[in-house]
1. Which of the numbered conditions does R382 fail, given that it passes all the others? Conditions: (1) over 30 Å from E577 (Cβ atoms); (2) touching a His at 6+ places or on another chain (Cβ under 6 Å).
2. What do you reckon, is T393 of a type in the set (V, I, T) and not in a helix (DSSP H, G or I)?
3. If T479 satisfies all but one of (1) within 23 Å of I609 (Cα to Cα); (2) not assigned by TED's automatic domain parsing to the domain that holds D611, what's the number of the condition it fails?
4. Just to check your reading of the model, which residue among E602, E613 is outside the structural domain of V674 (by TED's automatic domain parsing), at pLDDT below 85, of a type outside the set (K, R) and over 21 Å from H510 (Cβ atoms)?
5. Out of curiosity, is A548 at negative phi and in a loop (DSSP other than H, G, I, E, B)?
6. So in region 511-545, with the set limited to residues that are under 25 Å from the mean Cα position of the chain (by Cα) and outside any strand (DSSP E or B), which one is farthest from F574 (Cα to Cα)?
7. Of all residues being over 24 Å from E12 (Cα atoms) and among the hydrophobic types (A, V, I, L, M, F, W, C) in region 100-127, which is surrounded by the most Cβ atoms within 10 Å (Cβ to Cβ)? Just the residue, please.
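The values are calculated or read from the model by the stated rules, or taken from the named source; none is laboratory data. Just so you know, these numbers come straight off a predicted model, no measurement behind them. Here the Cβ positions follow ideal geometry from the backbone for every residue, glycine too, while neighbour counts run over all protein chains shown.
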Amino acid sequence: MADDLSGFSMLELFRLEAEGQVAVLSAGVLAIEELEKSPETIEAMMRAAHSLKGAARIVGIDPAVRVAHALEDVFVAAGKGSLRVRPEHADVLLAAIDFLGGIATADDAAAADSPWGGQAEAVVARLEAVATAGHAAGQETNTPAALPEHPRPSSLPEEEGGGPHPGPLPQDAAGAEKRQPGEAADRVVRVSAESLTRLVGLAGEALVETRQMRPFVNTLVHLRAAEVDLCDSLATLDDTLEAGEAGPPDRLARAVAAIRGRADAALAALTRHVEEFESFARRNEDLSNRLHHEVITSRMRPLADGIRGFPRLVRDLARGLGKQIRFEVVGDQTGVDRDILDKLEAPLSHLIRNAIDHGIEDPATRTAAGKVATGTIRLEARHRAGMLHLTLTDDGRGVDVEQLRTRAVGRGLVAAAVAGQLGELELLEFLFLPGFSTKAEVSEISGRGVGLDVVQSMVKGVGGSVRVATQPGVRTVFTLQLPITMSVIRALLVRIAGEPYAFPLTRIDHILPVPHGRIRTIEGRQYFDHDGTAIGLVQAGQILDLPAPPPADPMPVVVVSDRGQQFGMIVDAFLGERDLEVRPLDPRLGKVPDISSASLLENGDPVLIVDVEDLVRNIDNVLTGRRLSRVEFEQLAEEIRPRKRILVVDDSITVRELERQLLQSRGYAVDVAVDGMDGWNAVRGTPYDLVVTDVDMPRMDGIGLVSLIKADPVRREIPVVIVSYKDREEDRLRGLDAGANRYLTKSSFHDETFVDTIIDLIGEA
């Protein structure tokens, strides 16, 4: 019975997946029909068809696999521009999508004698006709006429024919198929009898403990009454003293003694009940912890429940490719949150298909390489440090890093010179980019560049991370680090601008103090070295649009990364680790930049949980847009004092760096710009004491920059020094006529002429 339930659960997940993906495909085809071609829509549909194909393969519904693959081919052709989708094409696509919706809800979809297989052949033929006919401009695709060899077009799902339907279609099943398995799964959670018994017992304990609050409340009421009586007595005594009616000393002493007696009694009662309340608080905290743990446990399902289809998947794909593969699972009883487990199926199946197609070699190749003929794919699950760790290892050929480097350059993702400097870990990050694939040919299994980016998106969607490591010729290892539950996360609390913020531990690379002396400034950006890697440094307050006070020394730095980009964020202080209950933000707020959710601390204070992926993207945008304030960082390693500020504008990085170092060595604060347009934007945003500029630069040359500065009534008084390789008299006159205060040649760097000129114009720093 347990096996039947598990199998049914996998089918339910497929049906739920199909329902969502069919909706995406239908909406996308209609959008394409209206807009003719939308790259974003086409890409979304290609992903939907690819995901649906993989899900259908897991549950063994081969007709759906073939139709989804043919749909994917059409969308690939449309994405490349070789196919223009016309209304008649859209009809065929929608009919194929209806077929997928119908077979997803059919009870006999996976049966060997099911008529769905014959219908799939006809649907695939129509889709192939669309894909091939679309290459000729203006050619009409008459799909029924193009398929004379198929005798059953009347039984296709989009037609109301006389042929028998293998199952209800989505539009026909709207009323009859109300027993949506996905809906039932959302409303019913399987909990073991033992867990339910413990939950009932804990709930009873909680009720008893809660009822004990009433005596405490009554006691507090009596203490308040006693306090009121005591205050009244003190007020009466005070009035008596002011009126001079105290009477004999013994009368006054008796009154004070009576008041002291009541105060002592109240204090004794308060002390007794405080001790009792402390005991109650400890019991209640322990009870709450046990109840919370049991509730979390009740949400857990063994990993085995979510991977029952994987052995069959490995067997079928391996046989289809002529390979021998053994699938091993270690820790299949490891508990996984049911919501996370439902989302894990797709990324794990992507990784397994990649391992089978890309990684494991055929028996002859393995034998020639000195390996056993049978390859091994190993999935291992364990809990470690409050996190769920999943490791998928194959003993195949590994990832060819040099091929990866070549493919990245060929795709224009990175310049050849830069690619030559990238290490293995940096190159492996390209595998997770959308549309990136190392495989030249396309198959039903892989090669389209759809897969690993989806894996990363799904894993990050639940607050996890994914890493890949490889040893050429030996193995490839994918490691997924996930929260044990989505309702509670382990996070690092930090203080930024006086407020607490939380970073999920799964998204933190390093936590370390950075002394001011370790900071290097290159091109106006700040870096520090850690384990041989230069990490960009920014202030968290500035990224989050919060006040950014001067950082301490050493600075508390949180290092985060995403898709190969790594940054260090300066925070005010580390507050320690916490288990936080995740609470979604009010949907009326929309997407809050850099924030994913919220929680409450022990004292009831709210804390925002950082969206690291969004944060890294924001940091990159700020740096790219040159909107990062550099004043704070210029003052990190030296005494804070006002200094004269100079802007250096030159398209040569060597010249910029030389001029910057010369001027900074004399105590000036220096900003840099890469061309005249960049320099003009900087001048408009920052008050400079002097500008140094080259002449020949892209976008705007130095003469144009000087002319703009001198024509601006607010900035015309800023001294400008032109430093150029051009030393002809006409070049000098041209610069001076534009308004430059001095014209120097770059040979002046070899003596004190350049610095002396600066001092002469604006004085010492």
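1. (1)
2. Judged against the criteria, T393 is a match.
3. Status for T479: all satisfied but (1).
4. E602
5. It is true that A548 is at negative phi and in a loop (DSSP other than H, G, I, E, B).
6. D531
7. V123
Quick grid of which residues meet (1) surrounded by fewer than 20 Cβ atoms within 10 Å (Cβ to Cβ); (2) in contact with a Lys or Arg (Cβ under 6 Å, 6 or more places away or on another chain):
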site: R660; (1), (2): no, no
site: Y668; (1), (2): no, yes
site: D671; (1), (2): no, no
site: G676; (1), (2): no, no
site: W680; (1), (2): no, no
site: D694; (1), (2): no, no
site: M700; (1), (2): yes, no
site: R732; (1), (2): yes, no
